[in-house]
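Everything below concerns the one structure shown next.
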Amino acid sequence: MTANAAESELKDRLNLIESMIAEGRRTTESWGWAFVLWGLAYYVAIFWTGLGHFPWAWPITMVSACALTVVLAARKGGSRPGTVKSRAIASTWIAMGISMLLLFPALGISGRIDQHIMIAVASAMLGTTNAASSLILKWKMQFACALVWWATAVFACFGRSEPLTIVFLAAIFFCQIVFGVYGMIAEARVRRQGATNA
């Protein structure tokens with residue numbers, strides 16, 4: 001009887017872990033809109049900068065995207081309680097965002113930045129954050145995004161300037177916009193299934 005009880009307890013614990021991972025993925029999927037928003041914000045800043053080398057394009061676009069994210073998150077938040085995993089993931093993304101908001105303007109103002117350095121650092125930071133999230137959630141799709149970001153970071157260090165912008169724009173497209181749309185579709189599918197089951 002003790003062996004059966006121990007086996008049952010082990011199964012219960014594994015089921016709990018699996019349900020926590022699934023909830024973490026659902027929480028991340030519910031943030032698909034944020035991936036799309038930030039992907040579009042990167043495109044706006046890049047395009048705006050390219051139009052006339054406007055030095056305030058990035059700060060204005062990033063602060064605007066940050067404010068919009070806070071407003072939309074506040075409207076969406078509160079609908080479900082946060083789990084330990086969702087708080088860990090949110091903390092990772094917030095820390096990365098703060099790091100970028102402090103580092104890039106400082107590098108730009110100091111004049112110690114060029115296209116290769118900016119793309120290498122931004123891509124490495126995005127790769128690290130996607131990897132941390134994917135490892136917490138055991139989510140291969142998000143880890144694929146991390147690999148794309150890391151490959152972009154390496155390319156920025158060794159590649160020529162001409163194709164670098166194209167590589168960066170492609171990484172933004174696949175890792176922000178496509179992944180974000182994928183998350184939004186997955187969230188909508190879960191919502192539809194929940195409505196059907198209810």
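The values are calculated or read from the model by the stated rules, or taken from the named source; none is laboratory data. Since the structure is predicted, the reported quantities are computational estimates derived from the model, not experimental observations. All Cβ positions, even for glycine, are placed from backbone atoms using ideal geometry, and neighbour counts span all protein chains on display.
Filter segment 126-163 for residues that are in a helix (DSSP H, G or I), out of contact with any Gly (no Cβ under 7 Å at 6 or more places or on another chain), surrounded by 15 or more Cβ atoms within 10 Å (Cβ to Cβ) and of a type outside the set (A, V, I, L, M) and give the result.
Result: Gly127, Thr128, Thr129, Asn130, Ser133, Ser134, Gln142, Phe143, Cys145, Thr152, Phe155.
Condition first: among the hydrophobic types (A, V, I, L, M, F, W, C) and within 18 Å of the chain's Cα centre (by Cα). Can you find one or more residues in segment 152-161 that meet it?
So the first thing to find is which residues in segment 152-161 are among the hydrophobic types (A, V, I, L, M, F, W, C), and the list is 153-158.
From the residues that got through so far, the ones that are within 18 Å of the chain's Cα centre (by Cα) too are 153.
Within segment 152-161, one or more residues are among the hydrophobic types (A, V, I, L, M, F, W, C) and within 18 Å of the chain's Cα centre (by Cα).
Confirm whether Ser91 is among the polar types (S, T, N, Q), under 27 Å from Ala151 (Cα atoms), under 17 Å from the mean Cα position of the chain (by Cα) and buried (at least 16 other Cβ atoms within 10 Å of the Cβ).
For Ser91, the condition - among the polar types (S, T, N, Q), under 27 Å from Ala151 (Cα atoms), under 17 Å from the mean Cα position of the chain (by Cα) and buried (at least 16 other Cβ atoms within 10 Å of the Cβ) - is not met.
Taking segment 78-88 as the search range and keeping residues that are surrounded by 10 or more Cβ atoms within 10 Å (Cβ to Cβ) and among the small types (Gly, Ala, Ser), which one is modelled with the lowest pLDDT?
Going residue by residue through segment 78-88, those that are surrounded by 10 or more Cβ atoms within 10 Å (Cβ to Cβ) are 80, 82-88.
From what's left, among the small types (Gly, Ala, Ser): 82, 86, 88.
Values: Gly82: 68, Ser86: 79, Ala88: 87.
Ranking the candidates gives Gly82 first.
Looking only at residues that are of a type outside the set (S, T, N, Q) and within 17 Å of Ile117 (Cβ to Cβ) in segment 164-198, which one is surrounded by the most Cβ atoms within 10 Å (Cβ to Cβ)?
Across segment 164-198, the extreme among qualifying residues is Ala171.
With the requirement that a residue be more than 18 Å from the chain's Cα centre (by Cα), of a type in the set (Phe, Trp, Tyr) and within 17 Å of Ile166 (Cβ to Cβ), what does segment 41-56 give you?
The one that is more than 18 Å from the chain's Cα centre (by Cα), of a type in the set (Phe, Trp, Tyr) and within 17 Å of Ile166 (Cβ to Cβ): Phe47.
Only residues that are over 26 Å from Ser161 (Cβ atoms) and touching a residue at least 40 places away in the same chain (Cβ under 8 Å): list them for segment 125-134, please.
Within segment 125-134, Ala132, Ser133 meet the criteria.
Does any residue of segment 103-124 turn out to be without any contact (Cβ under 8 Å) to a residue 12 or more places away in the chain and at positive phi?
The answer is yes, given that some residue of segment 103-124 is without any contact (Cβ under 8 Å) to a residue 12 or more places away in the chain and at positive phi.
With Ser123, Ser99, Ser64, Ser110 as the choices, which residue is polar (S, T, N, Q) and buried (at least 18 other Cβ atoms within 10 Å of the Cβ)?
Of Ser123, Ser99, Ser64, Ser110, the one residue that is polar (S, T, N, Q) and buried (at least 18 other Cβ atoms within 10 Å of the Cβ) is Ser123.
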